[in-house]
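Beneath this line is the structure, given in structure tokens, with notes to follow.
The values are calculated or read from the model by the stated rules, or taken from the named source; none is laboratory data. Please read these numbers as outputs of a predicted model, since none were measured by experiment. FYI the Cβ positions are ideal-geometry reconstructions off the backbone, even for glycines, and counts take in every protein chain you see. What goes into the accessible areas is simple: the full protein's heavy atoms, side chains included, and nothing from ligands, DNA or RNA. Shrake-Rupley method; radii C 1.70, N 1.55, O 1.52, S 1.80 Å.
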Amino acid sequence: MARMPTLFISHGSPMLAVIDSAARRFLKDLGTRLPAPAAVVVLSAHYDTPMTEVTAGPRPETIHDFGGFPDELYRLRYPAPGDPQRAHDIVSRLAAAGLPARLAPERGLDHGAWIPASLMFPRADVPVLQVSIDTARSPEQHFALGRALRSLRDADTLVVGSGGATHNLALYAHARGRDDTSAPPEWVEAFNEWTAGAIAARRFDDLFRYSERAPFAAQNHPTAEHFLPLFVTLGAAYDDEPGVRIHSSYDRGLLSLDAYAFGLAPAVPREIRLRAVTPGRAVLH
């Protein structure tokens, strides 16, 4: 059985679900090119708990955890099944790694999970589970969480970190009139490219200390929750798997919608071509 890749996806605004954009087209295309997983496990910026939780209901509800958007967004439902047995298995794997976790049978799927999943797997026939993050914990601890989940990839499971390569929501909210063709300001692009270079060069120590070492870190991530899923993806990668940037675009020039993959090439059909753009940067076609 081929090992599934592991992904980091920037999910951006909830409008990704309904408005055409480069990132939306990318996710829809990516879903057709990945091998069909037995399940998808998502670590979303919007599931933040002091103790690690794993969703365990057979039919998780669609959570509309956002406000002030058009009515059509609130009418959307993503009826993908859960997988209680796999949830039990994940809790066992985490416990074996010294990471206590508990089942959350009543918890549904937040928009950081169901919106990307609905674009990648629109038939809603693949079980989707979530594992929570904890913003009180360090990047290194989230890396360790990814390490504990890594073996899921050999069990036909797609592990996805869902957050944002950059995420200053306050500035984004006041940037009306810009769109996904707007050029990013220097402070956004500098952080975004620093991240891409650090991932490509496996400078994990720099990434762990991004708040001190990355340019304009505080401006791009005033809070950590959208960057922490990246460290889970890094932890879920094997040492011989280079990180490849498979998508790059911006929303209003302020939210980077970059996506990264580890172990993608062996798992996808041959027709996928990776075109080098800059060192450490590739775009999926």
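What the table below lists for this structure:
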read-out: Test: PRO35 is over 29 Å from LEU264 (Cβ atoms), open to solvent by 20 Å² or more (accessible area, probe 1.4 Å) and of a type outside the set (Asp, Glu); value: no
read-out: Some residue of segment 170-188 being modelled with pLDDT of 95 or more, of a type in the set (Ser, Thr, Tyr) and either within 22 Å of ALA56 (Cα to Cα) or open to solvent by 10 Å² or more (accessible area, probe 1.4 Å) (or both); value: no
read-out: Checklist (1) at pLDDT 95 or above; (2) touching an Asp or Glu at 6+ places or on another chain (Cβ under 8 Å); (3) not small (Gly, Ala, Ser) applied to PHE143, failing item; value: (2)
read-out: Pairs with Cβ under 8 Å, 6+ apart, first in segment 7-18 and open to solvent by 10 Å² or more (accessible area, probe 1.4 Å), second of a type in the set (Asp, Glu); value: GLY12/ASP251; SER13/ASP251; VAL18/GLU72
read-out: Whichever residue in segment 225-266 is of a type in the set (Gly, Ala, Ser) and touching a Pro at 6+ places or on another chain (Cβ under 8 Å) and, among such residues, is surrounded by the fewest Cβ atoms within 10 Å (Cβ to Cβ); value: GLY253
read-out: Of residues in segment 70-95 being more than 18 Å from ARG150 (Cβ to Cβ) and among the hydrophobic types (A, V, I, L, M, F, W, C), the one surrounded by the most Cβ atoms within 10 Å (Cβ to Cβ); value: ALA80
read-out: Total residues in segment 44-69, condition assigned to a loop (DSSP other than H, G, I, E, B) and either open to solvent by less than 50 Å² (accessible area, probe 1.4 Å) or touching a helix residue (DSSP H, G or I) at 6+ places or on another chain (Cβ under 8 Å) (or both); value: 13
read-out: ARG202, sole failed condition from (1) open to solvent by 50 Å² or more (accessible area, probe 1.4 Å); (2) in a loop (DSSP other than H, G, I, E, B); (3) free of Cβ contacts under 8 Å to residues at least 40 places away in the same chain; (4) not aromatic (Phe, Trp, Tyr); value: (3)
read-out: Options SER211, SER248; residue that is at pLDDT 95 or above and closer than 16 Å to GLY12 by Cα; value: SER248
read-out: Any hit, segment 96-107, residues being loosely packed, with under 15 Cβ neighbours inside 10 Å, at pLDDT 95 or above and either on the phi > 0 side of the Ramachandran plot or part of a helix (DSSP H, G or I) (or both); value: yes
